[in-house]
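The values are calculated or read from the model by the stated rules, or taken from the named source; none is laboratory data. Just so we're clear, the structure is a prediction, and the values are computed from it rather than from any experiment. Neighbour counts run over all protein chains shown; Cβ positions are idealised from the backbone, glycine included.
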Amino acid sequence: MDTTPYTERTHNKNDIANMKVAMYFNMASMSPIIELHTAMLRDLLSRGNKVTVYVCDRSFKSPMENPFNREAMYAFKMFRVRDALRGLDVPLKIINLSKISGDVSAQTASDLETGVMSSFASMLKAQHKDELSAKWLRAYDNMCGSAKKLYNYFVDEIKKEQYKYIFMFNGRFGCARPALEAARDTGIGYGLCEIKASLNEIVFVNELVHSIAGNTRKAIGFYEADKKRAEERAAEFFKRKTQNKETGDPIYTKQQTQGALPEAIVDTTKKVIAIYPTTDDEYKFIGQEWDGIVPESQPDEIEKMAQALPREEYFLVVKMHPHQEHTAEDTIGQYVALAEKYPHVIVEKPLSKKDTYALMSRADVVVTFASTIGVEATYAGKPVVLIGDTRWGNLNIAHKVYTGEDAAKLIRDGIAPKPILGAIIWGNYFYAYRDGVPGFEIAGKGNYFVDGKRIGKSTFRRILQLPAKLEMAMNRPGFTFGTQFFLKIIDTMLNITRGKWAAK
């Protein structure tokens, strides 16, 4: 067992050469994940590594991409995995968990359950297990049970085969977390592949995808490689964001009315504090990967600010993130209740037409919980307060605190804008950074290739999956037979006929 701290090990995938490596193909039916798996496998082979690929059979119940265990989706996954390995001299081990024990330590069980809950936060915007319906709760319990068995499988397999590294996609979610924890507990190295929002590939070695230290190091290194070009890319990124143009990041503000502000702050002489929460669900679980601290409750911290900032002097405008529309209704209610309780608090609900950027421009101070709007505000010359940690939190972009009381104290005492250098570093990184996995190609959203080839293309098999996809959609919280649903069906059918995929 290697007892060298992970922080002192290599973080460069190119240092992994002539080693015995396991590669776990998780979420392998999905694009661009299978393409990234395939390209990363070829990258490892190119450096003389001896790689064995692992994939779970149906004994892993309720994986993230197939929570209701439908045969068509499992068959398509295996079809894609085999196509990915065609022509490569790589052993494939198909994992069967039926005879594997599910007994693990209390700490391991807790770590694995965090990964499972992270999956359901991502899929359903759930923050707690008790928010799940009976059908999703069965899937949750299935994934938990399978995760414990998979952990034990990989612990034994790593020891038996004497692997030096194991690679997988992301590592945070419930069907991959067992492999990650097995690697850490047996002392071997690990590699995590991911696709940024900009659809650029990134690879983290011996650190988690959302690691503050890892992202900070990558961002600074990318900036220092070409400072002039970095400044140009950052300027382009921030300009396109305010213009609702494509940056790779989802555009959440297109439906807002340009220039629209809450009426109460248009001509007020009070100081305006613009508060931008982030999506409550994944935030809680991603935060555990940051090696930092995130607030247990964003509404609670905002309430502490409301109590500490006098109504005669301040307006607090809470601009909920558009993606919070998909959170549980009681969570939205917690924000709305703040406006009912405090006269100087204005809450704009997720689908409000009020302009995110007009509010940022009007604000005297911007307060954020992890949202990239904090970086944009600093670049625009605004004083920014960050409550809690986030990936960009160590780049001197914002005044960082951990409670609403401390945020309010900073605001009362008066704060100046931070220098824009940190925002430039992060904007450049967010917009354009990639680790470069040779052969991985994106020819526009939905078009993914490895060395010019599509992986596992089958119109027939994709059509067979449609009932299972429909079942998942119809069982998500808040589902309605509306215009958006039917447009989604049309878009899916067009993607299938064109051989394209929706972006992850």
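Can you name the residue in region 24-48 that is more than 24 Å from the chain's Cα centre (by Cα) and without any contact (Cβ under 8 Å) to a residue 60 or more places away in the chain and is also nearest to Val450 (Cα to Cα) among such residues?
Leu45
Look at Lys20 and say whether it is loosely packed, with under 15 Cβ neighbours inside 10 Å, of a type outside the set (Val, Ile, Thr), in contact with a helix residue (DSSP H, G or I) (Cβ under 8 Å, 6 or more places away or on another chain) and at pLDDT 95 or above.
Yes: the conditions hold for Lys20.
Which members of region 63-103 meet the condition of being within 27 Å of the chain's Cα centre (by Cα) and in a loop (DSSP other than H, G, I, E, B)?
Those that are within 27 Å of the chain's Cα centre (by Cα) and in a loop (DSSP other than H, G, I, E, B): Pro63, Met64, Glu65, Asn66, Pro67, Phe68, Asn69, Arg70.
I'd like the full set of residues that are under 30 Å from Arg240 (Cβ atoms) and among the basic types (Lys, Arg), limited to region 386-428.
Of everything in region 386-428, those that are under 30 Å from Arg240 (Cβ atoms) and among the basic types (Lys, Arg) turn out to be Arg391, Lys400, Lys418.
With Asn428, Asn495 as the choices, which residue is touching a Gly at 6+ places or on another chain (Cβ under 8 Å) and in a helix (DSSP H, G or I)?
Exactly one of Asn428, Asn495 is touching a Gly at 6+ places or on another chain (Cβ under 8 Å) and in a helix (DSSP H, G or I), namely Asn495.
Pull out all pairs, ordered by first then second residue, where Cβ-Cβ is under 6 Å, the residues are six or more apart or on different chains, the first lies in region 453-479 and is free of Cβ contacts under 8 Å to residues at least 60 places away in the same chain and farther than 19 Å from Pro63 by Cβ, and the second is loosely packed, with under 14 Cβ neighbours inside 10 Å and among the aliphatic types (A, V, I, L, M).
Close Cβ pairs satisfying both conditions: none exist.
Within region 453-478, take every residue that is assigned to a helix (DSSP H, G or I) and charged (D, E, K, R) and give me the one that is farthest from Thr38 (Cα to Cα).
Looking at the filtered set, the residue picked out is Glu471.
If a residue has to be part of a loop (DSSP other than H, G, I, E, B) and crowded, with 20+ Cβ neighbours inside 10 Å to count, how many in region 31-50 make the cut?
2
Filter region 305-335 down to the residues that are hydrophobic (A, V, I, L, M, F, W, C) and modelled with pLDDT of 95 or more, then identify the one that is surrounded by the fewest Cβ atoms within 10 Å (Cβ to Cβ).
Among those that are hydrophobic (A, V, I, L, M, F, W, C) and modelled with pLDDT of 95 or more, it is Ala308.
Scan region 463-470 and tell me whether some residue there is buried (at least 17 other Cβ atoms within 10 Å of the Cβ) and in contact with a Phe, Trp or Tyr (Cβ under 8 Å, 6 or more places away or on another chain).
yes
Regarding Lys61, is this residue surrounded by fewer than 16 Cβ atoms within 10 Å (Cβ to Cβ) and touching a residue at least 24 places away in the same chain (Cβ under 8 Å)?
no
Among the helices (runs of 4 or more DSSP H) contained in region 336-421, which hold 1 or more residues that are surrounded by 18 or more Cβ atoms within 10 Å (Cβ to Cβ), over 25 Å from the mean Cα position of the chain (by Cα) and not polar (S, T, N, Q)?
Correct list: 356-362, 404-413.
Out of all the residues in region 291-304, which are assigned to a helix (DSSP H, G or I) and either surrounded by fewer than 16 Cβ atoms within 10 Å (Cβ to Cβ) or more than 21 Å from the chain's Cα centre (by Cα) (or both)?
Across region 291-304, the qualifying residues are Pro299, Asp300, Glu301, Ile302, Glu303, Lys304.
Looking at region 47-81, which of its residues are over 15 Å from Met27 (Cβ atoms) and touching a Cys at 6+ places or on another chain (Cβ under 7 Å)?
none
Matching residues to (1) over 15 Å from Gln256 (Cα atoms); (2) touching a residue at least 40 places away in the same chain (Cβ under 8 Å); (3) in the same structural domain as Asp267 (by TED's automatic domain parsing):
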residue: Leu316; (1), (2), (3): yes, yes, yes
residue: Lys319; (1), (2), (3): no, yes, yes
residue: Pro322; (1), (2), (3): no, yes, yes
residue: Thr331; (1), (2), (3): yes, yes, yes
residue: Ala339; (1), (2), (3): yes, no, yes
residue: Pro343; (1), (2), (3): yes, no, yes
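Using the structure shown, decide if Leu41 is at pLDDT 95 or above and closer than 22 Å to Val155 by Cα.
For Leu41, the condition - at pLDDT 95 or above and closer than 22 Å to Val155 by Cα - is met.
Which condition does Phe481 not pass, out of (1) at pLDDT 90 or above; (2) among the hydrophobic types (A, V, I, L, M, F, W, C); (3) in a loop (DSSP other than H, G, I, E, B); (4) farther than 24 Å from Thr38 by Cα, if it passes all the others?
(1)
When you scan region 226-248, how many residues do you find that are surrounded by fewer than 16 Cβ atoms within 10 Å (Cβ to Cβ) and either of a type in the set (Gly, Ala, Ser) or within 15 Å of Arg434 (Cβ to Cβ) (or both)?
The total comes to 3.
Checking Ile265 against (1) within 19 Å of Ile373 (Cα to Cα); (2) modelled with pLDDT of 95 or more; (3) among the aliphatic types (A, V, I, L, M), only one condition comes out false. Which one?
The number of the failed condition is (1).
Return the only residue of Tyr252, Tyr223 being surrounded by fewer than 18 Cβ atoms within 10 Å (Cβ to Cβ) and either within 17 Å of the chain's Cα centre (by Cα) or under 17 Å from Arg391 (Cα atoms) (or both).
Among Tyr252, Tyr223, only Tyr252 is surrounded by fewer than 18 Cβ atoms within 10 Å (Cβ to Cβ) and either within 17 Å of the chain's Cα centre (by Cα) or under 17 Å from Arg391 (Cα atoms) (or both).
Residue check: is Met168 within 29 Å of Gln298 (Cα to Cα) and in contact with a Phe, Trp or Tyr (Cβ under 9 Å, 6 or more places away or on another chain)?
no
Please work out if Asp435 is under 30 Å from Thr492 (Cβ atoms) and among the charged types (D, E, K, R).
No, not satisfied.
Within region 249-282, can you find the residues that are outside any loop (DSSP other than H, G, I, E, B) and either touching a residue at least 24 places away in the same chain (Cβ under 8 Å) or not assigned by TED's automatic domain parsing to the domain that holds Ala306 (or both)?
Within region 249-282, Ala264, Ile265, Lys271, Val272, Ile273, Ala274, Ile275, Tyr276, Asp280, Asp281, Glu282 qualify.
If I ask for residues that are small (Gly, Ala, Ser) and over 10 Å from Tyr431 (Cβ atoms), which ones from region 225-234 would you list?
Once the filter is applied, which keeps residues that are small (Gly, Ala, Ser) and over 10 Å from Tyr431 (Cβ atoms), region 225-234 yields only Ala225.
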